[in-house]
């Protein structure tokens, strides 16, 4: 091999090695992403999003740990003999929910434990512990749990009964279990009243915006594929499968909005603040209906794609594909703008984002008109295809109606009339700036409040 051949061969081998390494890195990255999706559904996609997602969980874990340890320390003081960890367990169960549910959970836990203790005392007093008396105690405790409507805590009644039956020195065991249960429930309720959990307004608002962002990402992916090459049925099937992930995001967002509603009940931090759950719930309902329209759109595309049950390979020519791709990207822009608007409404800044949604909707109307013109050219030549094209246009029209900024402004005006003057745009009422203002005797920063709606044109007027 000559010198020149070696000079050319070595770089070639290096280039082949680099090419072999790059796919391996990409595969490892893909495996890591898939594992993260499996281990943490809905995980943060950016570094800016991570603190918002992690901080509430960290605070919640700290509350649970502190409450359980404090219950254990108090149990050491008020009881003698073997330590019963029922107090720590009760504190964990009571503290895991919102303030309203905490009060309810504390009462239910106490009722369940007392029910089990009463059944155990009755059994040991009359017949003692045998196999059939154990069955009688468990059955009686479960029946009483149903009668008293203890719900998910009904199993605590037979558990308490069995623990009492299995403990030597029945009277001491009964007293210890009742006392530790009261201690745990008391700690949980005290934490809820004195140190209430924050109202997760930002978390719920971000969850709603994330649903819109996921829908928009899917539409942009579909638009890029349609603009790049003719429609393939396997791709459309993949989009339908990916739309199921949007449904999972909808479920998580709905749960977080529901948690926001529960977190406001009996929560001192919610005093004087606007109830944003109706705004977020209405926005989430619109996104849920838009998801139905998008799935209908993809289903129609799958039917007429090559290889489908109604193979219509000529359905999308080059001009139609280009126009359709533009429309899908415009729908994605509308969804992003709508998600930003709902998020801005939760922060009291709707007037700064409303015009953006109106602009994207107007752009979509123009591109939709162009697509309609191309789709309805000579419809009599292909009546069956015209019906399918009409379904596509109907799905896009449904998106326009759902994301209408005028209708959204009317709903926002109605909500503002109900919440006018209340503080908006924060998770807590007493923050560091407010406390500093109280110490100095003057307010440094004016909190954002819900504006009064303009009765003439629905525009936002500052309170």
Q: Quick one: count up the residues across the range 273-295 that are under 17 Å from residue 347 (Cβ atoms) and touching a residue at least 40 places away in the same chain (Cβ under 8 Å).
A: 11
Q.
Condition (residue is modelled with pLDDT of 75 or more, farther than 30 Å from residue 175 by Cβ and either assigned to a helix (DSSP H, G or I) or in contact with a strand residue (DSSP E or B) (Cβ under 7 Å, 6 or more places away or on another chain) (or both)) applied to the range 62-85: is it met by at least one residue?
A. yes
Q) Which one of these is closer than 26 Å to residue 64 by Cα and within 38 Å of the chain's Cα centre (by Cα): 142, 182? A) 182
**Q.** Checking residue 190 against (1) in contact with a helix residue (DSSP H, G or I) (Cβ under 8 Å, 6 or more places away or on another chain); (2) in the same structural domain as residue 68 (by TED's automatic domain parsing), the condition it does not meet
**A.** (1)
Q. Which of the residues that make up the range 70-88 are farther than 14 Å from residue 177 by Cβ and without any contact (Cβ under 8 Å) to a residue 24 or more places away in the chain?
A. 72, 73, 76, 77
Q.
For the list (1) farther than 20 Å from residue 286 by Cα; (2) assigned to a helix (DSSP H, G or I); (3) modelled with pLDDT under 85, I need the number of the one condition that residue 351 fails.
A. (1)
Q. In the range 411-431, is there at least one residue being more than 24 Å from the chain's Cα centre (by Cα), within 25 Å of residue 216 (Cα to Cα) and modelled with pLDDT of 75 or more?
A. no
Q: Looking for whichever is under 23 Å from residue 342 (Cβ atoms) and in contact with a strand residue (DSSP E or B) (Cβ under 7 Å, 6 or more places away or on another chain) here; the options are 258, 272, 283, 251. Which one fits?
A: 272
Q.
I need the full set of residues from the range 134-156 which are modelled with pLDDT under 85 and either in a helix (DSSP H, G or I) or not assigned by TED's automatic domain parsing to the domain that holds residue 179 (or both), in order please.
A. 151, 152, 153, 154, 155, 156
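The values are calculated or read from the model by the stated rules, or taken from the named source; none is laboratory data. Quick caveat, the model's predicted, so the values are computed rather than measured. Reconstructed Cβ throughout: ideal geometry from the backbone, glycine too, with neighbour counts over all protein chains shown.
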